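**Q** Can you keep this structure in mind? I'll have questions shortly.
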Amino acid sequence: MGLERLDKRLAATGRWSRKEARELIRAGRVSVGGTPCHAPESKVDECAPVLVDGAAIGADRPVYLMLHKPAGVVSSTAELGERTVLDLLGEEYQNIGLFPAGRLDKDTEGLLLLTNDGALAHRLLSPRSHVDKVYYVEVDGALDQDDVQAARAGMTLGDGTECLPAELELLSSDSAHITLREGKYHQVKRMMASRGKPVRYLKRVRFGPLTLDAALPKGGWRALSEGELEAILGE
Ligand code: URA
């Protein structure tokens, strides 16, 4: 029977860095074989069930769901006093280690991939992966060709953060599709704010090869189709 460090076991899922794993463990959120464990360096049996916030870190089958996130829920698996995207799912999906691959703000709607495939999530979210994300955005103010050029050139945000070139496709005077190849914190909102045109509404319509299913109501979800799965696993 193999033994391995608990922080290493968590990090191996691809869901947390070693540092994040150590923090989770020290915060008392991790249990091994039913007993809370506070020491990141603990050696644990590789077969022992490890739970974070009561959910298994790895399941025996990979699951891939497309969710139409509504506004008002947070993109995490557990947050005190908040309704999470996991709360939208059925009972059978509660304890199989699902988590959102990437985050949308609480007030942002649209496509979120939920999976327990840590390696895939890690790959999709790595800063080097540059998976295209397309958002539908409405702003206060009038969008114009200067905004298109500024996005294309790569914007510098108010705090000096440099953004990669992005594609802004104007749909009306105050709405557009914007394609990002990265996922900085509040990126669309900060980009638009830097143009003096604050975001009024934001919805993700595409994530890599996945397009939000128009038949999914807000809060609705479904398993990825075989074609979608093949496409996303090939990213
Ligand atoms: N950019 C934002 O500002 N918010 C999101 O939720 C996603 C992208």
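The values are calculated or read from the model by the stated rules, or taken from the named source; none is laboratory data. What you are looking at is a predicted structure, and each value in this text was computed from that prediction instead of being measured. Note that we place each Cβ from the backbone using ideal geometry, even for glycine, and neighbour counts take in every protein chain shown. Ligands, DNA and RNA are excluded from the accessible area calculation, which covers all protein heavy atoms including side chains. Shrake-Rupley method; radii C 1.70, N 1.55, O 1.52, S 1.80 Å.
**Q** Out of all the residues in the stretch 208-216, is one or more within 14 Å of the ligand (Cβ to nearest atom) and not in a helix (DSSP H, G or I)? Break it down stepwise before answering.
**A** If we filter the stretch 208-216 for residues that are within 14 Å of the ligand (Cβ to nearest atom), which is where we start, we get 212.
Imposing the further condition that a residue be not in a helix (DSSP H, G or I) reduces the set to 212.
Yes: one or more hits.
**Q** Go through the stretch 148-170 residue by residue and tally those that are in contact with a strand residue (DSSP E or B) (Cβ under 6 Å, 6 or more places away or on another chain) and open to solvent by less than 80 Å² (accessible area, probe 1.4 Å). Steps first, please.
**A** Our first condition is that a residue be in contact with a strand residue (DSSP E or B) (Cβ under 6 Å, 6 or more places away or on another chain); within the stretch 148-170, this holds for 148, 151, 156, 162, 166-170.
Checking the rest, the ones that are also open to solvent by less than 80 Å² (accessible area, probe 1.4 Å) come to 148, 151, 156, 166, 168, 170.
Going through the stretch 148-170 one residue at a time, the tally reaches 6.
**Q** Under the condition of being assigned to a loop (DSSP other than H, G, I, E, B) and aliphatic (A, V, I, L, M), which residue from the stretch 161-201 is nearest to the ligand (Cβ to nearest atom)?
**A** Residues of the stretch 161-201 assigned to a loop (DSSP other than H, G, I, E, B): 161, 163-166, 173-174, 181-186, 195-198.
Among the residues that remain, those that are also aliphatic (A, V, I, L, M) are: 164, 166.
Details: Leu164: 14, Ala166: 11 Å.
Among those that are assigned to a loop (DSSP other than H, G, I, E, B) and aliphatic (A, V, I, L, M), it is Ala166.
**Q** On to the next question. Considering only the stretch 199-222, how many residues are open to solvent by less than 60 Å² (accessible area, probe 1.4 Å) and either more than 19 Å from the chain's Cα centre (by Cα) or farther than 19 Å from Ala71 by Cα (or both)?
**A** Residues of the stretch 199-222 that are open to solvent by less than 60 Å² (accessible area, probe 1.4 Å), as a first pass: 199, 202-205, 207-210, 212-213, 216, 219-220.
Those still in the list that are either more than 19 Å from the chain's Cα centre (by Cα) or farther than 19 Å from Ala71 by Cα (or both) too: 199, 208-210.
Within the stretch 199-222, residues that are open to solvent by less than 60 Å² (accessible area, probe 1.4 Å) and either more than 19 Å from the chain's Cα centre (by Cα) or farther than 19 Å from Ala71 by Cα (or both) number 4.
**Q** Hey, among Val74, Val50, which residue is in contact with a Lys or Arg (Cβ under 7 Å, 6 or more places away or on another chain), of a type in the set (Val, Ile, Thr) and more than 16 Å from Leu6 (Cβ to Cβ)? First the steps, then the outcome.
**A** Values: Val50 fails: more than 16 Å from Leu6 (Cβ to Cβ).
Exactly one residue qualifies, and that residue is Val74.
**Q** Do any strands (runs of 3 or more DSSP E) entirely within the stretch 35-132 hold 1 or more residues that are among the hydroxyl-bearing types (Ser, Thr, Tyr) and surrounded by 17 or more Cβ atoms within 10 Å (Cβ to Cβ), and if so, which? Working first, answer last.
**A** Numbers: elements: 43-45, 50-52, 64-69, 109-115.
Filter on the stretch 35-132 gives 64-69, 109-115.
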